[in-house]
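S.K.: Dropping the structure in here first, questions after.
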Amino acid sequence: MSEKTIESYGKGFLVLLLPISFLIIFLVATWRIWLGLILLVLAFNIWQLYKWQQWCQQVNPIFHQLIRENQGRITPMDLAIKGNFAGERAKRYLDTKATEFGASTANADDGSKVYYFITASTLGSILDSSEPPKELASTTVSQYALPFLASPPPKTNLQELEPELPPHSTKEESVKPLEKQLIFGSLIQSELAKRLNVYSSTVYKRRDDPDFPEWSRTRDPDGIAWKYSRKTKEFFPVEEGES
């Protein structure tokens, strides 16, 4: 690197360093003045805030009175006329209250801003105006309540009214040849029940009775007596010599 290049870099650094040095010297020499100015501005803002809060305390009764009289509806002009102060201060005051109480705003036809504050009395009047007539409400309730309050009709036991009937069997099933039914030389309980035209449970109850062969003979379409085998759990026809 040549001497000219080093010299140019040094001059550029001095150009930046000199203003910074003068600024530091100026701040060191005048820091008390700057600190005093900052404290003065801060104190002035605190004083302004205090005066504003004091003024708001004086305006609050007027604001509350207008809210009660107008059912929560108020404009900056109403507040300015009632309190006899500038409209800008009234608008600033209402903006502060709207933020504090969550009021809604709307623009009137003349372009002015309207603030709506919801109070208990305002809400009650809204609900009263939207409540239906009591006579209509009571009539509707009674009309829909009577069917539910009426006693239910007595239930009839269909099982008691309907006598137990044997299973329906067609004529073809009852007149089947015995040879077709006795394919394996015996009948199971359900097959015998169909042949005798009775329930399968009836055959189950009477199969161990001594008079089961005679009872089955009276119901068999061919007059055949049947006996039950505990070993095979099946029913066999009784030969004439055995009966």
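S.K.: Note down the nm distance, to one decimal, between modelled labels 7 Å out along Cα→Cβ at residue 84 and at residue 190.
M.R.: It is 10.7 nm.
S.K.: Stretched out fully, how many nm does the piece from residue 104 to residue 70 gain, at 0.36 nm a residue minus the Cα gap? Intermediate values should be presented prior to the final figure.
M.R.: Values: separation 34, 0.36 × 34 = 12.24 nm, distance 1.50 nm.
Stretched fully, the residue 104-residue 70 segment lengthens by 10.7 nm.
S.K.: Further question on the same structure: Between residue 232 and residue 95, 0.36 nm times their residue separation minus their Cα-Cα distance comes to what? Don't jump to the answer; show the numbers that get you there.
M.R.: Values: separation 137, 0.36 × 137 = 49.32 nm, distance 10.07 nm.
Gain on stretching residue 232 to residue 95: 39.2 nm.
S.K.: Under 8 Å for C-alpha pairs, at least 6 residues apart: give me the relative contact order for the stretch 60-127, rounded to a whole percent. All intermediate terms of the calculation are to be shown ahead of the outcome.
M.R.: On the way: 67 pairs, mean separation 22.5, N = 68.
About 33 percent, as a whole number.
S.K.: May I ask you to derive the FRET efficiency for residue 54 and residue 112 from their Cβ-Cβ distance with R0 = 35 Å, giving the value to the nearest 0.05? Please report the intermediate quantities before stating the final value.
M.R.: Working: r = 28 Å, r/R0 = 0.79.
After rounding, the FRET efficiency stands at 0.80.
S.K.: Moving on. Using 7 Å Cα-to-Cβ label points, what is the residue 33/residue 15 separation (nm, one decimal)?
M.R.: Taking the simple label geometry, residue 33 and residue 15 are separated by 3.0 nm.
S.K.: Taking amide H positions as placed 1.01 Å from N in the peptide plane, with prolines and chain starts having none, which residues 5 or more places from residue 238, or on another chain, fall under 5 Å of its amide H?
M.R.: HN-HN under 5 Å from residue 238: 225, 226, 227.
No lab work stands behind these numbers, since they all come straight from the coordinates. Keep in mind that what you see is a predicted model, and the values were worked out from it rather than measured. FYI the Cβ positions are ideal-geometry reconstructions off the backbone, even for glycines, and counts take in every protein chain you see.
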